[in-house]
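Chemist: Next up is a structure, given as structure tokens.
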Amino acid sequence: MIFKLLKLNSSLIKCSFKTSRQFSSSVEKLVSDGITNCTHLLDSNDPEVLKTMQNCMIVKENFINEQEENEILAEVNPYMKRLRYEFDHWDNAIHGYRETERLKWIEENQKILNRVKQFAFDAFSAQDNTNLLNHIHILDLHEDGFIKPHVDAVRFCGNTIAGICLLSDAVMKLTSEKDKSKYGLVLLKRRCLYVMRDTMRYDYAHEVLGNSESFFKNVQVPKTRRISIICRNEPDLSAHPEKTN
Ligand code: OGA
Ligand code: MN
């Protein structure tokens, strides 16, 4: 999916969002709050996996409010509605979806995206390549849709994937590539932001469960139509030379 999309945009212009001094401490606080306050949204069948999740999967509930959700929808929905949901390609990583990328946003929504950049990328700038891909990926998943297990193409995206979740709760499953019996579950509530980094992003396949499997801690999590707004950073190809083909 994103593989295909980002390939089309191989001439992406570099755009740097370095942390500016005046907000770095408040962002660090936000991030540490996010890390310590989201453990109730994580679950696993393995204690080591849970530990990795606690380090590499941050979920910030209510990252946007209802009005902000509506503003994003007002901007993306008219375009999305013109596309058809794709159901039929058996080899697609995603079933029942339509998607696009967006470069320019209205001012209000750009402010939300700036917050994502600060929260998910800039606060970690000391260790990260924080050049964001400036095309933001918008994925509209049908009520009957689901995302099959996959690892985002290392060739096209860096160590951090951050997604704002609109319209519906959902459950994300993360399965260890090394031992497929070990997995974690993340409750992604409507209007949350999740940040998946490093080990979770490279060594675990992520998926968004379809309705028949959408359970978190034995409670069913009904998924309706769901839109995610996904920000990624540039790949660090020197870090993963073996994975670039
Ligand atoms: C993807 C993906 C997750 C989401 O598009 O590669 O994994 O939250 N999306 O929609
Ligand atoms: Mn993905």
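None of the figures in this text is laboratory data; all of them are computed from the coordinates on show. Everything numeric in this text was worked out from a predicted model, so none of it was measured. Virtual Cβ from ideal backbone geometry, glycine too; neighbours counted across all protein chains shown.
Chemist: Tell me the relative contact order for the range 99-245 as a rounded percent, counting alpha carbon contacts under 8 Å between residues six or more apart.
Modeler: The value is 35 percent.
Chemist: How would you order 142-150, 104-112, 198-206, 63-71 from highest to lowest mean count of nearby Cβ atoms within 10 Å?
Modeler: Top of the packing list down: 198-206, 142-150, 63-71, 104-112.
Chemist: Using amide H atoms built in the peptide plane, which far-off residues or other-chain residues are under 5 Å from residue 101 H to H?
Modeler: Result for residue 101 returns 138.
Chemist: Compute for the range 131-245: radius of gyration divided by Kirkwood radius, i.e. Rg/Rh, restricted to C-alpha atoms, rounded to two decimals.
Modeler: In the range 131-245, Rg relative to Rh is 0.97.
Chemist: Ok, one more. Here is the link list: 117/217; 81/223; 104/223. Which ones come out longer than 27 Å on Cα distance?
Modeler: 117/217; 104/223
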